[in-house]
Amino acid sequence: MSSTTDTRIQPGSTVLWDKGDAAGHDILGTRTFGFWLYMLTDAMVYAAFFAAFGVLAHNAGLNSKSVLAAVFNAQGAYRETIALFASVLAYGYAMVALKKGSRSGVAVGTVVALVLGLVFLGMVSGDMERLFGQGIVPQSNGFLSIVFTLIIYHALHIIVGAIWMLVMLAQMGRDGFTSNVVYRLINLRIFWHFQAVIWVFIFVFVYLQGKVI
Amino acid sequence: MSKRGIKGAIKALCAPLLLMLNGCSKSGLYLLEPEGTISRVTHHYFNLDVGIMLLIIIPTALLSVWAMWRYRKGGGGSYRPDWSHSWFIEAVVWGIPLITVGVLSYLSVKAIYKVNPYNPGALAHQEAAAGKPLEVDVIVTDWRWLFIYPGQRIASVNHLVLPVGVPVHFRLTSTSVVNDFIIPQLVGMIDVIPGMRTKQTLEASKTGHYVGFSADYSGAGLSWMNFETQTVTKAKFAQWVKKTQAAPHNMTDAAFNLFAKPYISIDHRPMVFGHVQSGLFDYVVHEVMSGKVWPTPTAMTENMVKYMNKQQANVKAGDY
Amino acid sequence: MFVHLQGPWNPVWGRLSLQAIPYHNPILVGTFLFAVVIALAAVGAVLYFRAGPYLWREWLTTVDHKKIGVMYCLLGLVMLFRGFADALMIRTQQAIAVGPHSPGYLGALHGYLTPFHIGQVYTAHGLIMVVFAATPLLVGIMNIIVPLQIGARDMAYPYLNALGFWLTAAAAGLVMLSLFVGNFAHGGWYGFLPYFELPYSPGVGVDYWMWAFQLSAVGTTLGSINLIATIVKMRAPGMTWMRMPIFTWASLSTNLIALTSFPVLMVSLALLGLDRYFGTHFYTAGNGGNLMLYNDLFWVWGHPEVYFLILPAFGMMSEIIPTFSEKTLFGYTTMVVASFAIGGVSWGVWLHHFFTMAAEPSVNSFYSVTTMLVGIPTGVKVFNWIFTMYRGRVRFELPMMWAVLALFLLLVGGMSGMMNAFAANDYMWHNGVFVVAHFHMMVLLIAASIFGAVEYWFPKIFGFKLEQRWGKWFFWFMVLGTAWVFVPMFILGFTGMTRRLDYVPYTQWAPYLRVMLVGMAFYVIALVFFFAHLYVSLRDRVKNRVGADPWGTSRNLEWMTHSPVPAYNFAYIPHVHARDEWAWRKENGVASLANESFEDIHMPRNTGVPVLLGALSFVLCFGLIWRIWWLSAASLALVVLVIIVRSFARNTDEVITAKTVAGVEGAVDDALPSAARG
Ligand code: HEM
Ligand SMILES: [Cu+2]
C-alpha cells in the first residue's frame, strides 16, 4: 500500500461510491464563493488603479492650485458619500427582510437603495459636468487622467449595480425567492457593499489626500 | 545541389557542436571579451555565477540520467513502489538550492553595486586617480545617436570617440521612445527614456573600435541604430576635439528640432557639430516633458522603402 | 471627446476602408488564399456530412467541461501552427537579411519582410504562443482533467466555462483577422511605451493587439474563477486537501495566480486604451504621464503569468513521472509547498524584466534576490522527480519521454533564468537573444509537458491510445530542432546580439543564423511526423481502443471511470480513501467501476448564449479597433441585453435518466472486457 496514504480497507464496510445525486451540492455556497472570487479580481483592478494614482500623483504639481481645489471638492464628495452609504444601508435592510422571507421588505429596501444610488450618480455626473465646463478634463495631464478614471470607473459599477437591482426586482416579482433569486440578491449585497468600501478609498486617497497635495 | 551546397549542408547539420567549439575559442563573443573596467568586472561575476551553477546543474543532470538508467524497467535497480519520503533527502533537496541561492544572491548584490551605472563601485578608486572624468550627453532620436561633449561644446552623430583610461560619465535621454544604450565590450545596457535622464559610466582600457547598439525596440530604424565607438589615447582625443571644434555645423535648439525628425540611418552618415548650444540636453528633456513629440508618420513604418526615397531626397535638399 | 486621428475617418465605416486589405502583399494574399481553401474545405465537409446540427448541438453549445476542454486544446493547436508559421518567417528573414550586401525581395531592403511586416510577425508570434497557444492548451487540459481528478460531474459554473472559452476564441479570431483586415502591432508582444501611443503607432495594429489581449484576459480570468471554485467546492467526499492529486494542486495554485494577476493586465491595457482613444496621459512621456507605470503594471501580470503557464506543466510532469516509474510521487507535501512557494514568490519579482531601467542598486538587488528565490522550489521539484524515478521501474513510453525532455529543458531554462536574475549580468544581455533563448527553453518545456499530457490523457477522453511509432519520430525531431535552434541562439546571446532585428548588421552572426534555419527545417519535419502520428492514430482508433486504465499504473480518480468518459463523468460519485485513490483501490482489490443499480443524474443543459456572447464581443472589439462607434455601442447593448435575458431563464438543467445511464454503462461494459479494467 502507499506509505503516506491512510485508510486500510475494511471489507464490507468501506464505502466506495456515493449513491444519491451528488450534483445537489451546496448551490448557494458555490455561487457566492465564486462571486467572492470575482470581487477579488475587481479589487485587484482597483488596486492597480490606486497604484497608478500613487505613481501619477507625483505629477499633481502640473495643475494649478485653483484646478486642484476645483477637483477636490471634499464637501461635494462628502454629500456623495452620504448618498452612497444610505443606499448601502437600505440594501442592508432589504437583506434583513430577505432573512425573514418578506418579499415586500426586500422590494422596498431595493427600491430605496436604487433611488439613492441614482442620486449618487446624479451628483457625480453633476460634478463631472462642472469640471468639464471649466476645462478641467482627463486629457489635461496624467494626474487628472487617473483621478477622473478612478471616479468614472467607480460610477460605472454603480450603473451596473442599478441595472442589477432592476433585474432583481423583476425576477423577484416573477419567481419569488427561488435559489437563483436568493443567491443573486446575496451577491448583489456583496457587490454593493464593495462599491461603498471602494468609495471610502477614493474619498480618503483621492479627495482628502488630493486636498493636501 | 552544388558541391559547396552539400558541404554547407553537412556543416550546418553538425553545427551546434562546431558552434560550441567555436564558442570556446571566443571569437566575436563580445560579452566574453571585455575591454573596459566595468565590463571586466561584469565578466568576472559572470564566470563565478556560471561556475557555481554548473557545479549544481551538471551533477543534477547526471543524477537524473543515472536514475533513469539504473531504475529502467527490466534493469537491475531495486523496486520500492511505496517509497516516497525521506527526511534526509528532503533536507538535502531543500538545502542545496537554498545554499546555492544564498551564495549567488550575495554575489549578485555585490556585483550590482560594483557596476551600478550611476556610481560604479568598480571605478571608485580609479575616479580619484584619473582626475576629471569626461562628460558625454547622449540624445537619442528616431533613429540616430547624438553624442554631445558639453565640456568641449562639440557633438557627433552615430560616432562616439572616447579617451582610454578616463572615466566617462554619460547622461542619456530620448526624444521619442525608450531606447537602450549598450557597447557590449565596454559597458552593459541602460535605458534611454524620453522626458527623463538616466546615467551610465564606463572606462575603456584599450584603444580600438567597438560596436554600440540600441537594444530596445524603437521602430523601423532600430536595426540600423548601431554606432561606432572608437577609443583613442588621451593625446589623440585632444586632437580629435580640436579638429571637430573647427567643423562648420552648429547645433542649436532650433537645429535640433529639425535634426530630431525621424531619420533612418541606413547610410550611417557620420556628422559632427563644431559648436553646440549649451544646455541642449536639458532643453530636450524639458521639451519632451512638456509634451513635445516628433511623431512617426504612418508611412514611415508601414512603407519604409518609399519613405527612404523621400528621406534621401530631403537629405539632398539639405533638410536634415 | 475622442482623440483626433491622423488618417481619414467616417461615422459609418470608422477607419475601415478598402485600403485596409493588404492585397498588395503577396505573402498575405497567399496566406489568405490558404485560409480560404481551408475554410471552404471545412464548411464543405460540414455541409457534405450534414454535420452542422451535430456540431451545434454537441460542441458549439456544449457546457460539458470535457468538450470545452477539447475545444480549448483545438484552438491552442491551431494557434500553435499559426505561431510556428510566424517563427519560420522570423528565422528565414534573419538568415537572409545579414550584412549590407544581403539581397532584398518583395519591397524589403534586406530579406523579404519590411521592418513593419516582420515587426507584426514577431509581435503576433509572441502574443499567440503565450496567450493563444500555451494558455488555451493548458486551460483546456485543466478543464478536462481537474473535475475528473476530484470526482466531480462538471465544473462549478458550466455556463461560465463555455463563456470563458468563447471569449478566448473570439480574441484569437481578432488576431487572425488582423492578417487580412488592417494590420497587427509591430513592436513586440508585451507592448512598449510610449511606442504604442498614437504618435508612434498611429495604425490599428496596436488596437488589434490591445483588444485581443484584453478579451483573452477576461476569458482567462473567468476560467480561473471557475477552476478555483470547482476545486474548493466540488471535491468528492473523502477527498481532503492532502489527498488531492498533484495536478489538481498545480491547477489550484496556477489559477490563484491567474485570478489575482490578470486584472492587473486588464488595467495596464485599459489605461493604454484610454490614452489611445481619449487622449489621456497615463503613459505619455510628457504631460505628467509615466511610461514606467506601464512596465510595472504589465510585468506585475507578466511574471506571474509565466508561472501561470509553468505550474500546470509541472503538475503534468508530476502525474506522468510516477505513472511511468510505477511508483508514488516522491515528496508530495514538498511538491505542494513548492508550487505555492513559486506562485507566491512570482508576485515579488516583476522588476527583473527591466533591471536596466536605472533603478537604485538597492532596488535591483532586492528583485535580483527575490527572483533567485524562485530557483529554490524549482530546484526542489527537479530533485523530487528524480527521486520519484529512484527505486522505481521507469518505462519510456511517449508521455514519459516528453516528461523527461521537459525535465532537461527545465535544467537549461532554469539555469539561464538564474543567469538573468543576476542583475549585473543581465545588463549585458537584457533585450538580447540570450533572454529569448531562456524563455524559449521554458516555453518548450511547457510544450513538451503538454505533448506528454496529451499522449497520457488522450485515451481517457477519446477511448483509444495514440500510436507510438510516428509519435517517437515526432519527438526526436522536436529534440533535434530544439538543439539546432537554441544552442546557436544562446551563443548569439553571448555575442551581444539584440532582439527584434529586421536586418542583422554584422556578418559574423550569419553562420549561427543559418544553423538555426536548419533547426527550423527539423521542426518542419517534426510537424510532418506530427500529422502522420495523428493520422495513423485516427486510422487505427478501433484497434487501439482501451479500457478505464490504459497505462495500467495510473493512480488517480480520472482513471476510475470509462474511457471515453461519459457525459456525467461518474455514474456514482466515488468516495476517496487515500491520496492515490485508484492505486489504493487496485492494491486492495476493489478496482471495479460502479456498475450496480443506477440513478437519475442532473446535468446542466446546453446553451447557445456563450457562443452568442463570444460573437458579440468579437464585433464589439472589431468596432472599437476600427472606431466604428455605432457598431460597438450596438453590440455592447446587445451583450448587456443577452446577459439580462439569460438571467431570466428558468430551466437550465436537464436530467439524464437512470435508464440512459444504465444503457451507457452497459454499452461500455460490452465493448470492454474485464481485461481493460486495469
Ligand atoms: C528559475 C526560474 C526563472 C528565473 C530565475 C527567471 C528569470 C528571468 C529574468 C530575470 C528575466 C528577465 C530577463 C530580461 O528581460 O533581461 C526573464 C525573462 C523571461 N522569462 Fe524567465 N525566469 C524563470 C522562469 C521562467 C519561466 C518558468 C518562464 C515561462 C514559462 C519564463 C519566461 C520568461 C519570459 C517569457 C521572459 C521574457 C519576456 C520577454 O522579455 O519577452 N521564465 N526570466
Ligand atoms: Cu519574469
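A few notes on this one:
- Residue match in the range C:579-591 (condition: touching a strand residue (DSSP E or B) at 6+ places or on another chain (Cβ under 6 Å), in a loop (DSSP other than H, G, I, E, B) and surrounded by fewer than 19 Cβ atoms within 10 Å (Cβ to Cβ)): no
- Note on the range C:183-205: among residues that are assigned to a loop (DSSP other than H, G, I, E, B) and of a type in the set (Gly, Ala, Ser), the one that is nearest to ligand 1 (Cβ to nearest atom) is C:GLY188.
- Single residue of the range C:467-510 satisfying the filter (part of a helix (DSSP H, G or I), over 26 Å from the mean Cα position of the chain (by Cα) and surrounded by fewer than 21 Cβ atoms within 10 Å (Cβ to Cβ)) that is farthest from the other protein chains (Cβ to nearest Cβ): C:ARG469
- Qualifying residue in the range C:318-329 (condition: facing another protein chain (nearest Cβ under 8 Å) and surrounded by fewer than 21 Cβ atoms within 10 Å (Cβ to Cβ)): yes
- Qualifying residue in the range C:396-416 (condition: more than 16 Å from ligand 2 (Cβ to nearest atom) and in contact with a Lys or Arg (Cβ under 6 Å, 6 or more places away or on another chain)): no
- Matching option when the condition is more than 10 Å from ligand 1 (Cβ to nearest atom), farther than 17 Å from C:GLY481 by Cα and within 13 Å of chain B (Cβ to nearest Cβ), among C:ALA453, C:ALA424: C:ALA424
- Residue that is nearest to ligand 1 (Cβ to nearest atom), among those in the range C:355-366 that are at the interface with chain B (Cβ under 7 Å from one of its Cβ atoms) and in a helix (DSSP H, G or I): C:THR356
- For A:LEU89, the conditions (1) at pLDDT below 95; (2) surrounded by fewer than 17 Cβ atoms within 10 Å (Cβ to Cβ) all hold with the exception of (1).
- Residue in the range B:195-216 that is farthest from C:LEU109 (Cα to Cα), counting only those that are crowded, with 24+ Cβ neighbours inside 10 Å and facing another protein chain (nearest Cβ under 7 Å): B:GLY195
- Qualifying residue in the range B:219-240 (condition: at the interface with another protein chain (Cβ under 9 Å from one of its Cβ atoms), part of a strand (DSSP E or B), surrounded by 15 or more Cβ atoms within 10 Å (Cβ to Cβ) and in contact with a helix residue (DSSP H, G or I) (Cβ under 8 Å, 6 or more places away or on another chain)): no
- Test set (1) modelled with pLDDT of 95 or more; (2) more than 21 Å from C:GLU360 (Cα to Cα); (3) buried (at least 16 other Cβ atoms within 10 Å of the Cβ) - B:VAL103 fails condition number: (3)
- Some residue of the range C:400-407 being hydrophobic (A, V, I, L, M, F, W, C), farther than 30 Å from C:PHE474 by Cα and either modelled with pLDDT under 95 or within 14 Å of ligand 1 (Cβ to nearest atom) (or both): no
- Taken over the range A:136-145, residues that are at the interface with chain C (Cβ under 7 Å from one of its Cβ atoms) and surrounded by 19 or more Cβ atoms within 10 Å (Cβ to Cβ) amount to 5.
- Test: residue in the range C:167-182 that is within 15 Å of C:ALA124 (Cα to Cα) and either assigned to a loop (DSSP other than H, G, I, E, B) or within 11 Å of another protein chain (Cβ to nearest Cβ) (or both): yes
- Residue list for the range A:39-62, filter: out of contact with any helix residue (DSSP H, G or I) (no Cβ under 6 Å at 6 or more places or on another chain) and within 21 Å of C:TYR157 (Cα to Cα): A:LEU40, A:ASP42
- Any hit, the range A:120-135, residues being of a type outside the set (Asp, Glu), surrounded by 15 or more Cβ atoms within 10 Å (Cβ to Cβ), closer than 26 Å to C:MET1 by Cα and touching a residue at least 60 places away in the same chain (Cβ under 8 Å): yes
- Residue list for the range B:268-282, filter: assigned to a loop (DSSP other than H, G, I, E, B) and over 22 Å from the mean Cα position of the chain (by Cα): B:GLY274, B:GLN277, B:SER278, B:GLY279
- Of residues in the range C:430-469 being among the small types (Gly, Ala, Ser) and at pLDDT 95 or above, the one nearest to ligand 2 (Cβ to nearest atom): C:ALA437
The values are calculated or read from the model by the stated rules, or taken from the named source; none is laboratory data. Treat the numbers as computed from the prediction; the structure is a model and nothing was measured. Please note: Cβ atoms are built from the backbone with ideal geometry, for glycine as well, and neighbour counts cover all protein chains shown.
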